[in-house]
Structures are given as structure tokens and as C-alpha cells.
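> If you scroll down you'll find the structure; I have some questions about it.
The values are calculated or read from the model by the stated rules, or taken from the named source; none is laboratory data. Just so it is clear, the model here is predicted, and its values are computed rather than measured. Cβ placement follows ideal geometry from the backbone for every residue including glycine, while neighbour counts extend to all protein chains displayed. With ligands, DNA and RNA removed, areas are computed over all heavy atoms of the protein, side chains included. Shrake-Rupley method; radii C 1.70, N 1.55, O 1.52, S 1.80 Å.
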Amino acid sequence: MENATLKLRGMSCASCARSIEDAISSVPGVNECSVNFGAEQATVDYDPRKTDLQAIQEAVDAAGYSAYPLQEQNLMAGEDDEEKRYRLKESRDLQQKVTVGGIISIVLVIGSLPMMTGLNLPFIPTWLHNPWLQLVLTTPVQFWCGYSFYVNTWKAFKRHAATMDTLIALGTSAAYLYSLFATLFPDFFIAQGLMPDVYYETAAIVITLILLGRLFENRAKGQTSEAIRKLIGLQAKTARLIRNGREIDVPIEEVQIGDVVLVRPGEKIPVDGEVVDGTSTVDEAMVTGESVPVKKQPGDEVIGATINKTGSFKFRATRVGKDTVLAQIVQLVQQAQGSKAPIQRLADQVTGWFVPAVIAIAILTFIIWYNIMGNVTLALITTVGVLIIACPCALGLATPTSVMVGTGKGAENGILIKGAESLEIAHQIQTIVLDKTGTITQGKPTVTDFLTVDGTRNGNEMKLIQLAASLERNSEHPLAEAVVRYAQFLQLPSVDVRDFEAIAGSGVQGIVSNRLVQIGTQRWMEELGIYTQTLQQDKERLEYLGKTAVWLAVDGKIQGLMGIADAIKPTSTQAVRALQKLGLEVVMLTGDNRRTAESIAREVGIKRVLAEVRPDQKAATVQALQAEDKIVAMVGDGINDAPALAQADVGIAIGTGTDVAIAASDITLISGDLQGIVTAIQLSRATIRNIRQNLFFAFIYNVAGIPIAAGILFPIFGWLLNPIIAGAAMAFSSVSVVTNALRLRNFQPKTLA
């Protein structure tokens, strides 16, 4: 299967999105299709052996719309020139039509005031009352300003469908044709005892107001993708390369993997890479959300678009173009903004039958009022009102606009949300499982205690550390790295090792300086028949303090005991407390022994501990928590914890931002700060709350508006909804939903701890 994102053109309402979705889904070989009306994009999964993008585009064209694929290589270029020209032309056309329609509508309203008020208004010239003049003025508004409504209605008719444009075309045409008939044949109405009133101003004003609403809607929708533009704007435009001993400035697109780049104080780092010379501090806040500048020295990674603060340094480019962290962030945000949340399914189901239902209600309204009152004018006003006020656009925009703003806001805070479904599920989380190493703790174990049987007499301690570090240098275990770093800190040289052997889950052994050295767990030492009671009390004390106790035996006898601890991150305790205040059960999951795990848990305030869990058991442990009827989130590093992240309802990778982390998780926190989890959940809750508000407004608008337009209040109050008011309400309903979604841009995480 392949995945593609198509940019769509020609959509005017949620029904259009549904039509495109049906058209693409009908193409043989298309597995899944999701059309986002707010983002004007379609995400398509298809089998390249059965179909291709050309066939999919042709299906969209046949449905009356157009589409073109978004190219991955242009990911960091933002909107291409063609798209910018299209948007500029669309905006200019709308502005021209709104201006012309507005001027004509004002003249028509002034001329119609005597008829609307039933008063003799001598200050209004009588020639403005002339229906022939009003016909001449209205015709260009009806057929030039409203041209797109007729075109889209015809396209929908050819595919046996109906859209919002169908309702507008029917409603305004009914008012226009009725007025035209009254203008051409006034005697017919007089013979019926009716005044030959005309409603040209209704057709003109409704079209103008709807176009004005679409102009505002387009501008507001443009603001929902502001996060993407901000992210793209972070990248540097040029890079200073060192080639053949010379410094040259080149466009960022020309940087290749392996190039050596020079960065001076205050400059943006152009691409991702590894420092090879020099030291500095780098402000990574715009990508990771981490406010404190990070020290960089040879061997450290740097991220493109971050800002060098103090010193100059050189780095070797390791990722360029679409492979950089920033490009991956942009791609993930675009993917999330184009996805569809489960909560939107109800709105999609409604829009599927909405327009046909409205047309049926309008016809029924005309028949009922004409039969009851025998008044064609009354029947016409109610029918036009029903057609005009009905608006599925607000329903179609309610969810995607909030998702677009919410995911964009997440990216600004260093939170990458893979899709709308992940964003929605996150607000339902009941239990959050935190992996200990690298999540709650720093992930870099350090030797804190080195105890020997003989104490420090005769320099014995230094000799034992040298033996231990020389042996551990051959191991890749994190605890082994801690021992090696400890010896390097003491400036102890390593010696040769032979017959090295690593015993999984137990320890390592080998011949060092002609002596058998064994380092590992107490269980392994006892299996080897080595007596461990000499330092037993020290071992229990270390474990009570949350440290891992590692035994050192030389020639079959215990000679030392190391206490190795992984320091807790400074913000872990505060974050755990905040998660608990959000009403979440916080669980710590670790492969460490229970005593060490419980010590760490006590320090950060976690009450439930799942210890001594092997990596291959973590997914089953998460599954067991889900069996308790809980929505479970798993937080890990995105690599070792991948099965558990996939098993959880929401997988959250923390502190990496790498390809593996993004692939394994639903949400990726670029910063290693656990506070990012709190922010992600708060953002999810704020977004879902915003979506529910939008859906409520959209549903209540139609539930209340259509009956009122149909004249339900006329028998009680003698009042009918003027189609002009209906048009204004319809036009601004979509704008109100988008405006409400834009309030999410003001989201700020709350401090709970």
C-alpha cells in the first residue's frame, strides 16, 4: 500500500467533501480515503498495482472538482507558487463579487423599503421602486456573482447529488424567478387579489451575504494552518560550508550529507548534524520546547532550525531536506491536520442526507403553506427561507478546524500528534504507564558507590575499579557504560581482556591481568557458588536508596560492590503530581528489582509499581491494564518500548524525536520533560471541548433555524423569518465555528503541581 495527500479545489461545503470521498473510494485499488474540508486535502491509501494517482485525480475531476498531489520534496517550501496564485485569485474574485453585490444590494434595499415597511417614504425616489430597474440591477448579481452556485449545482446534478450550492441556487432562483414573473405579468397577481410584489433584493442580498461569509471563512481557515507556516519559517535559508579549506555560503537546499558546516554565535543551525569541533550552547526551544539552552560539544547532535547562542562550532551534516527533524515535524503536523477524528463521523453521517432532506422539507413547506393560506407569497418566503438557512458547512468545519489548530498548537509546544484519533483518545486516558529509565530518570546510570571488602587499604579500590572498567568496556549494557565512565573520571587506564563472555540477565566475565573477573547480580554469584554475605547489609542499603547493586568477584571471591543509580529528572516529581491532579492513575513500569523501583516511585510520588518486567513482557503488562477496562497510555523512549507503545491506546514517545520514535508512537514529545505529557493531555481536553462546542452550535443552529424558517412561529406570533436574515445567519454560522476553533491558538498549559 502507498499513501498520498492530494490538495483539493472547488469544495464549497461539507457535502462536497463527502462527494469527493465517495468518488475516490469508488476507484478500484483505493483502500481508504479521508477528505478534510477544513484543510482542503484528501489522504488516500491505495494499492499501486491496481491504480495510480492519475486515476484518482480523474475520479475527482469527474466528480466536478480538481486535485493535485502534494510532493514530498516540496515539503519545506510551504505553498507552491501555483497554489498561492490560486488562493490570491480566489480571494480577489470573492472581493470583487462582494463589492459589486454589496453596492447593488444597498440600492435594491433602499428601493424596496416602501414595500417592506408598508409606508410611504417620500425621500426615496420613485424610480428606485421600479421593478424593471430592480430586475436589471439584480440580474448580474444573480448570474455573475452567483455563477459558482449554478456551476456547482449542475456538477452535483450530473452525479445525482446535491450540495449546499444546490440549496443556494434553488432558494435565490425561486425568489428571482417569482419576482421576474411578477414583473412580466403583474395582472395575473391582481386578478388573484394579490399585490405583484417583487423580492429581487432578497436574491441579491442572500448571494452577497453568502459570498461575504465565504470570504471571511477562507481568511479564517487560512489562520488554522498558521502553525505550519511558523514551522517552515524556522528553517535557515543558507548554510556556511567548509570546502577545500574555504568558507562558502550556499542555499540550504544544496547542503549534502557529510558536508562540514560552520555556525557562528546568533546564527540558525541549517540542518541536522553532529558536532566535530568547538563548543557552544544552543537554544532548541523552537523545536523541542525546552527553554534552557543546551550545551553542545564534539559528538553531540544538533537540530536544524535551532539557534546557536555563544560559541562557534563546526558540525557534519547527517540529515538534510525532508529527513531533518524539522521536516519530519512539518510532515507529521500536516498528516495530523489532514486526518479525521472519530467524533466527526456523526457530522459526516448527517451531511450525507442533509441536503436532500432540506430540499424535501422546503417542498413540503411550500405545499403546506399554500394549501393552508392560499398565499403564494407566504409559501414562497418560507420555502426560500428553509433553502437559504440550511447550512451543512458549519457541521463540516466543526471538527477539522479544531483539529488543525490543536495539532498546530501541539507542534509549537514540542508535542507531535500523529493524527486526530490520537488527539481525541488522549482526553479519555485513565491510566498512564511511565517507563522508568529515560522517562522518569535521566537514562544515564552513574556509579555512586564503590565498596570493597578491604576498604581503601593499599590502593586496592583503584585496582578493582580498573579491573571492573576494563572488563565492562567490552559490554554494551547501560550499567557497564556507567562503570567505564567512572574509571575515565578517575583517569584509570584500561588493560587487556581475554575470554570475555556476557551472560544475558546475569553479568559478564573474563580474564583481566591474568585474573578471572566476574561482575553481575547476586543471583548469578550464588549460582556460581560465590559467597555474598560479606557485603549483604551494604547491598540492602543501596537498594533501599533506589540504587542497583552490582557485585564484583575476582578469582571466585567477592571483592567489591557497586551502587549504580539513574538520577531522576528534575521535573519528574512535579509532572507526576500534575498527572495525578488531572485524575489519572500513574503507574511505573521497569525491569529493575522491586526494592529499587519502589524507592524511585516513592521519590516521585507514584503508588503503583510494576517491577522486574522484561522488555518482551511490557506489551502484555499494558494489555493486562487494558483488561481492567481502562484507557491506557504508555510513555517510553519509542525504541525499546515499541511493542508496549503499539499495544497502548495512546503511545507516547518521549525525549527522542527520531524516526523510530515517531513511527512507534501516537504522540511524540521532542523534549525529554515529562511536563510535555501533562501539556498533551490538557491540549487534547481543550481541543475536544472546542469540537463539542462547535458541533453543538452547528446542530442547534440547524435544529432551531429550519423550523423557524419554515414558519413554525407564524401561527403564534404572525412572524416570518425574512430570507435576508436567513442568508446572513447561514453565511456567518460557518465563520462563527471557525472563529471558535481559532480560540485554541490562545491555549496555554496550566500549572497543576
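> So how many residues does region 299-333 have that are open to solvent by 10 Å² or more (accessible area, probe 1.4 Å), assigned to a strand (DSSP E or B) and among the polar types (S, T, N, Q)?
Result for region 299-333: 1.
> Now for a separate question. Within region 9-34, which residues are hydrophobic (A, V, I, L, M, F, W, C), at pLDDT 85 or above and more than 22 Å from the chain's Cα centre (by Cα)? Steps first, answer last, please.
Our first condition is that a residue be hydrophobic (A, V, I, L, M, F, W, C); within region 9-34, this holds for 11, 13-14, 16-17, 20, 23-24, 27, 30, 33.
After this cut, where a residue has to be at pLDDT 85 or above as well, the list is 20, 23-24, 27, 30, 33.
Scanning region 9-34 gives ILE20, ALA23, ILE24, VAL27, VAL30.
Let's see how each residue does on (1) in a loop (DSSP other than H, G, I, E, B); (2) at pLDDT below 90; (3) acidic (Asp, Glu):
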{"residue": "ARG219", "(1), (2), (3)": "no, yes, no"}
{"residue": "GLU253", "(1), (2), (3)": "no, yes, yes"}
{"residue": "VAL276", "(1), (2), (3)": "no, no, no"}
{"residue": "VAL282", "(1), (2), (3)": "no, yes, no"}
{"residue": "VAL287", "(1), (2), (3)": "no, yes, no"}
{"residue": "VAL292", "(1), (2), (3)": "yes, yes, no"}
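> Contact list please: Cβ distance under 6 Å, first residue in region 232-244 and of a type in the set (Val, Ile, Thr), second residue not in a strand (DSSP E or B), pairs at least six apart or on different chains.
Qualifying pairs under 6 Å: ILE232/MET76; ILE232/GLY78.
> Okay, next question. All but one of (1) under 31 Å from the mean Cα position of the chain (by Cα); (2) open to solvent by less than 10 Å² (accessible area, probe 1.4 Å); (3) modelled with pLDDT under 80 hold for GLY385, so report the exception by its number.
Looking at each condition in turn, GLY385 falls short on (1).
> Mind telling me which of the residues THR548, THR573, THR532, THR596 ends up being hydroxyl-bearing (Ser, Thr, Tyr) and more than 25 Å from ALA469 (Cβ to Cβ)?
Numbers: THR548 fails: more than 25 Å from ALA469 (Cβ to Cβ); THR532 fails: more than 25 Å from ALA469 (Cβ to Cβ); THR596 fails: more than 25 Å from ALA469 (Cβ to Cβ).
After applying the criteria, what remains is THR573.
> Could you list all residues from region 610-623 that are open to solvent by 20 Å² or more (accessible area, probe 1.4 Å) and more than 29 Å from the chain's Cα centre (by Cα)?
LEU610, GLU612, ARG614, PRO615, ASP616, GLN617
> Right, next: Residues to consider are ALA23, ALA4, ALA59, ALA39; find the one that is open to solvent by less than 30 Å² (accessible area, probe 1.4 Å) and in a loop (DSSP other than H, G, I, E, B).
Matching residue, one of ALA23, ALA4, ALA59, ALA39: ALA39.
> Filter region 657-712 for residues that are under 25 Å from GLN442 (Cβ atoms), modelled with pLDDT under 85 and among the polar types (S, T, N, Q) and give the result.
Listed by number, the residues that qualify are THR658, SER665, THR668, SER671.
Matching residues to (1) among the hydrophobic types (A, V, I, L, M, F, W, C); (2) open to solvent by 20 Å² or more (accessible area, probe 1.4 Å); (3) in contact (Cβ under 8 Å) with a residue 24 or more places away in the chain:
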{"position": "SER665", "(1), (2), (3)": "no, no, yes"}
{"position": "ILE670", "(1), (2), (3)": "yes, no, yes"}
{"position": "GLY676", "(1), (2), (3)": "no, no, yes"}
{"position": "ILE681", "(1), (2), (3)": "yes, no, yes"}
{"position": "THR687", "(1), (2), (3)": "no, no, yes"}
{"position": "ASN694", "(1), (2), (3)": "no, no, yes"}
{"position": "PHE699", "(1), (2), (3)": "yes, yes, yes"}
{"position": "ALA709", "(1), (2), (3)": "yes, no, yes"}
{"position": "LEU713", "(1), (2), (3)": "yes, yes, no"}
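> Tell me, yes or no, whether region 452-475 has at least one residue that is in a strand (DSSP E or B) and not small (Gly, Ala, Ser). Explain how you work it out, then say what you get.
At the first step, the residues of region 452-475 found to be in a strand (DSSP E or B) are 452.
Now drop any that are not not small (Gly, Ala, Ser), which leaves 452.
Yes, region 452-475 contains at least one residue that is in a strand (DSSP E or B) and not small (Gly, Ala, Ser).
> Only one residue in LEU625, LEU542, LEU561, LEU552 is at pLDDT 90 or above and part of a helix (DSSP H, G or I). Which one? Spell out the reasoning first.
Numbers: LEU542 fails: at pLDDT 90 or above; LEU561 fails: part of a helix (DSSP H, G or I); LEU552 fails: part of a helix (DSSP H, G or I).
Just a single option satisfies the conditions, and that option is LEU625.
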